[in-house]
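I have placed the structure first, in the form of structure tokens, so that the comments after it can refer back to it.
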């Protein structure tokens, strides 16, 4: 019998806000333990929560981007359970009236090769709600320590329908979430920093069966490879059980990344009774029409829409757009440059994705290694991976080459002022100094030689030196002309305008 | 110092300070001496940081010397129920759980008082976590009724009421979740008020039942209660349930003929079974006095009154079970020394730290919120709460104020009801509905029973109509003249 997997995800994403969810303390990463705290975070006697409006706004923003329905009234509930990372021993969350309902996330499955766009589909969402993160426990031989810096951080929970069937789809789903959320500036979604975590629900059933199988939940997966491996393992395990006739039980399992297996944590009968009830300290929130309109007015384009637009309007290749359209810094830079010079978006995109990113990467890694040796701290940023990298926005903003200047470089190449070969040197100079391409060309006297008289003189010399090539060209061997171009470029010290050289040669050969 | 000094009111003492007849430090010292003299008998104070009190009084004196006195409360010794957060002061909630806890921040109502120069004096006894009606649930000590030391002062703010009645402070703050200000005020023969839910910020009040708790004043006169209420009331960004509204100068606007032409509603449900006949007679006499002043008295019905106790003990305990979860042995509370692991730490710390009544309510509250029982208990209780609120809304369509007894009996003997929680719960039968409806309620003395113990009249007003409620109480007080009688200790 053939089996299929049914997978649903609960993805937790920390919001990028100035302060915590219910108090004015800042939330950041890697601060000394228990420094980002106040009486509210410690849950001292008498404190009360105050809603972070920015977090509500950002969650609604994401909901609107995913086409969710935003109910008029949303409320806050207490989820009661004891654990030392939770200072109040209840978590403020949303039980039955979340901020966002329904909607869907467009995903892209891998294409046949990296240059090809893969198939797209929409993964249905159940809801998105807002809650608070908990602190962090560190266990030692006889003691445990708790750090409440993370406690109270605004946390979105994005709940999908059981609408995925493979780890590839889940990867595509999480990639799409990350791209959308980080582009909109709602979160950096850095899994290494715990800004994005996933709970995965997996069940299997015979193909053709419409009823869902027995659900197994795996909690708090903190890297994309863990998510993938855990799902693959769990699908295999469940199918094997069914084939052997071992009944599956509804349970929560823990992923052991070292052993590469899942292990039972607790069964259904041990599930918590969270004793949810409406939080009496917070009033329900009415989402006004004006608020919705103002958020709608500021919504950014969805990454896949942007990609399709780049491919259609600018005729850019898929591989370039798939890098550019998911990064706010790159897209904004690109569009700004195209605004300055609209005739060659392709060249601008190429310079941006290839040359500029390479230079920026080199500069950043030089800086990183310097600071590493300097203060002895580990580089927390880690490698740039799809899930580790944060937007290029900051780097591009501090980059010396402005979008207008990059456009200017492309323009003078197109206008024949400099050759592509020379442009490389100009680009390096621009990156180092921030000067315009024109200024550098002027300073260094790099201007292409378009002096007809001089070029004719070089051409006649070259023809005289190589009659054989002239004759061959005349006889119909088009390639023979290349043998004449080299000496002319050499004579002009590389400044000869290649197009003019070709025209001049053809003209003179035809005459002579 | 003459005995009259510690039975003087806020405005009179304030004038004495203005006229330099006494300094704030002298005034504070007088109350410290008075406390040291009588509190061994009364037991209202859990602790008192006397040097902090004198420091605060010194600041007042500096302001007076500079001609910068802040108002009537500047220099006035105010006692605080030990459930209110003041930076650097103990905050025990009368529980072993917080025996050594010192608050690192000051709550909003107390900040408001500080900004008016009030001199905090003492942490006053209460039922543990404000759960009780007699002060007998304090983990530390009994407080006695200044009118009869064999009797309880009421609760849960029994220390706040007894301290004011005994002249150990000029006025005090308490908190009222089901009657915890009005009932002890009634039993101790003073004025106590629970403001409309949302008038006074709850930030800095250790929560018992969040949707019912309010901070309010105790004083020996309506005017002093009005002054103290002005000192604490006001919208607070830190309390999402606090309400933006205009706050008049309550004391300045009191009017002795305010009852004239007003309609008093007397709900028949509050005068039936369980109400002591002497209490009923004195309250009826007080209402007759109001009628003589030109008020119209009409009988009304609040049909859902008898559901108050069950509804209250579902909602309040549900909220409490969650509010008290933070007292867990992990951060700042009592921690059991014999715990083996984290679960054991929770069990033992809470078993050792909480008293019987607190445990009883946490268990009850956890039960009513449990999966499968939520709809039958909590949700249903919320629906009945709405009915209770509507009863009052409907009544206030035709009346200006509702008058009832505050407590069904006068103060009972210490130990009399400790073994019968249900009998204890019934002592709040007249006050609980007011919390469920979120309305302002005030208790003021209306005479003495044959046992020599005071009886209180409860006035219930419309939401945010504190000004009129205080004015009606003032009119009755001026006419009947029960305020100003003090116990001899």
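For the stretch A:452-511, the C-alpha radius of gyration sits at 0.98 times the compact-globule guess of 2.2 N^0.38 Å, with N the residue count.
Apply the Debye scattering formula to the stretch B:324-384, with a single equal point scatterer on each alpha-carbon and no solvent, then give log10 I(q)/I(0) at q = 0.17, 0.28, 0.30 Å⁻¹. Values, matching the q order: -0.66, -1.07, -1.15. At a Förster distance of 60 Å, what's the computed FRET efficiency of residue A:457 paired with residue A:319, Cβ-Cβ distance as r, to 0.05? With R0 = 60 Å, the Cβ-Cβ based efficiency is 0.85. The percentage of C-alpha pairs in the stretch A:11-161 whose separation is greater than 22 Å is 48%. The alpha-carbon atoms of the stretch B:139-213, seen along their principal axes, cover 35, 25, 18 angstrom, with the largest extent given first.
Kindly put A:450, A:331 in sequence by how many other C-beta atoms sit within 10 Å of each C-beta, fewest to most.
Lowest count first: A:450, A:331.
In the stretch B:1-76, Rg over Rh equals 0.98, where Rg is the alpha-carbon radius of gyration and Rh the Kirkwood radius from pairwise Cα distances. Legend: P(r) of the stretch A:256-368 from all alpha carbon pair distances, 5 Å bins from 0, whole percents, reading 2, 8, 12, 11, 9, 7, 8, 9, 11, 10, 8, 3, 1, 0. Semi-axes of the equivalent ellipsoid of chain B are 31, 30, 21 Å, computed as sqrt(5λ) over the eigenvalues of the C-alpha gyration tensor in descending order.
In this entry, the stretch A:75-118 is assigned a mean projected area of 6.1 nm², taken as a quarter of its C-alpha convex hull surface.
DSSP beta bridges confined to chain B are antiparallel in about 65 percent of cases. For chain A, the longest principal axis of the Cα atoms and the long axis of helix A:224-244 meet at an angle of about 60 degrees. Each listed q (0.15, 0.18 Å⁻¹) maps to a log10 I(q)/I(0) for the stretch B:1-144, found by the Debye formula over equal Cα scatterers with no solvent: -0.77, -1.04. Take every pair of alpha-carbon atoms less than 8 Å apart whose residues are at least six positions apart; their mean separation over the length of chain B yields a relative contact order of 18 percent. Per residue, the Cα convex hull of the stretch B:55-94 amounts to 80 Å³. One Cα centroid belongs to the stretch A:222-255, the other to the stretch B:374-452; the line between them spans 57 Å. Ordered by the count of other Cβ atoms within 10 Å of each Cβ, fewest first, A:500, B:131 give A:500, B:131.
Inter-chain neighbour count for B:323-334: the average number of beta-carbon atoms from partner chains within 10 Å of each residue's beta-carbon is 5. For A:270, B:465, B:213, the sequence from fewest to most other C-beta atoms within 10 Å is A:270, B:465, B:213.
Dividing the mean sequence gap of close Cα pairs (under 8 Å, 6+ apart) by how many residues the stretch A:452-511 holds gives a relative contact order of 40 percent.
Using a cutoff of 8 angstrom between alpha carbon atoms and counting only pairs six or more residues apart, the relative contact order for the stretch A:3-274 works out to 22 percent.
Per residue, the convex hull spanned by the Cα atoms of the stretch A:4-47 measures out at 135 cubic angstrom. Divide the volume of the convex hull around the Cα atoms of the stretch A:3-274 by the residue count and you get 160 Å³ per residue.
For the stretch B:20-49 versus the stretch B:210-250, the spacing of their alpha-carbon centroids is 25 Å.
Would you mind checking the tilt of helix A:303-313 against the longest principal axis of the Cα atoms of chain A, expressed as 0 to 90 degrees and rounded to 10? Rounded to the nearest ten degrees, it is 20. Size of the stretch B:153-263 from its Cα atoms: along the principal axes, largest to smallest, the extents are 35, 34, 27 Å. Radius of gyration over Kirkwood radius for the stretch A:194-266, both on Cα atoms: the Rg/Rh ratio is 0.98.
Rounded if a/c is under 1.5, else prolate if a/b beats b/c, else oblate: with a ≥ b ≥ c from the C-alpha gyration tensor eigenvalues square-rooted, which is the protein assembly as shown? It is prolate, given that a/c is not under 1.5 and a/b is the larger ratio. Over the stretch B:379-446, the pair-distance histogram of Cα-Cα distances with 10 Å bins from zero comes to 16, 41, 31, 12, 1 percent, rounded to whole numbers. Computed over the Cα atoms of chain A, pair by distinct pair, the Kirkwood hydrodynamic radius stands at 27.1 angstrom. Each part gets one Cα centre, and for the stretch A:174-206 versus the stretch B:269-319 those centres are 58 Å apart.
Every helix of 4 or more DSSP H residues in chain B counts as -39500 (n - 2.57), and over all residues that averages to -11500 deg cm²/dmol at 222 nm.
Once both axes come from the Cα atoms, what is the angle between helix A:498-511 and the longest principal axis of chain A, in degrees from 0 to 90, rounded to 10? Rounded to the nearest ten degrees, it is 30.
Taking the DSSP beta bridges with both ends in chain A, the antiparallel portion is around 95 percent.
Bear in mind these aren't lab numbers, they're just calculated from the coordinates by the rules spelled out. Note that this is a predicted model, so its numbers are computed, not measured. Positions of Cβ are backbone-derived with ideal geometry, glycine not excepted, and every protein chain shown enters the neighbour counts.
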